[in-house]
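Asker: Quick one: this structure, given as structure tokens, is what I'll be asking you about.
The values are calculated or read from the model by the stated rules, or taken from the named source; none is laboratory data. Since we're looking at a predicted model, the values are computed, not measured. Virtual Cβ from ideal backbone geometry, glycine too; neighbours counted across all protein chains shown. Side chains are part of the model used for accessible areas, which takes the heavy atoms of the whole protein and leaves out ligands, DNA and RNA. Shrake-Rupley method; radii C 1.70, N 1.55, O 1.52, S 1.80 Å.
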Amino acid sequence: MIIINKYSNLDTDNLEFLGSGTQGKVCKIDSQKCIKVFKKKQICSDEIETLVMEQMDLHFPRLYAFGRNYIIREYIDGIELDKYLSSNPLSENISPKLFNYMKQWIQIEMPFGKL
């Protein structure tokens, strides 16, 4: 049982389990929030750093709270990109759109860089 005291005494055993992997496990808190509990504190710290830097970008989930080994972030219903691509390979129609989107994102994030 994992209890998160800093955020309303959340007990992850009483939350909807969404999945687990090499980094830890994810549970749904409600329709807008989920919690990710990490196995390693350094990986948690790295993810917090990334999310904090990207809070002004609408393409990243909102970060609500965090601790030494967990984050509470916006819950986004959908399929992970790698899982989607494993069953829906890129097509000639989608590949250029994805490339252009990535190119625009990189130019916004790194205005002095070129792709």
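Asker: Name the single residue that is modelled with the highest pLDDT among those in region 5-22 being part of a loop (DSSP other than H, G, I, E, B) and surrounded by 15 or more Cβ atoms within 10 Å (Cβ to Cβ).
Answerer: Step one: list which residues in region 5-22 are part of a loop (DSSP other than H, G, I, E, B), which gives 5-9, 15, 21-22.
This time we only want the ones that are surrounded by 15 or more Cβ atoms within 10 Å (Cβ to Cβ), so: 7, 15.
On the way: 7: 59, 15: 92.
Among those residues, the one meeting the criterion is 15.
Asker: May I ask you to say which residue of 47, 74 is surrounded by 15 or more Cβ atoms within 10 Å (Cβ to Cβ), of a type in the set (Asp, Glu) and under 12 Å from the mean Cα position of the chain (by Cα)? Lay out the reasoning, then the answer.
Answerer: Values: 74 fails: surrounded by 15 or more Cβ atoms within 10 Å (Cβ to Cβ).
Criteria check complete, one pass: 47.
Asker: Run residue 95 past the list (1) open to solvent by less than 80 Å² (accessible area, probe 1.4 Å); (2) under 21 Å from residue 20 (Cα atoms); (3) not in a loop (DSSP other than H, G, I, E, B) and report the number of the one that doesn't hold.
Answerer: Answer for residue 95: the failing condition is (2).
Asker: Of the numbered conditions (1) part of a strand (DSSP E or B); (2) farther than 27 Å from residue 101 by Cα; (3) charged (D, E, K, R), residue 73 fails exactly one; give the number of that condition.
Answerer: The number of the failed condition is (2).
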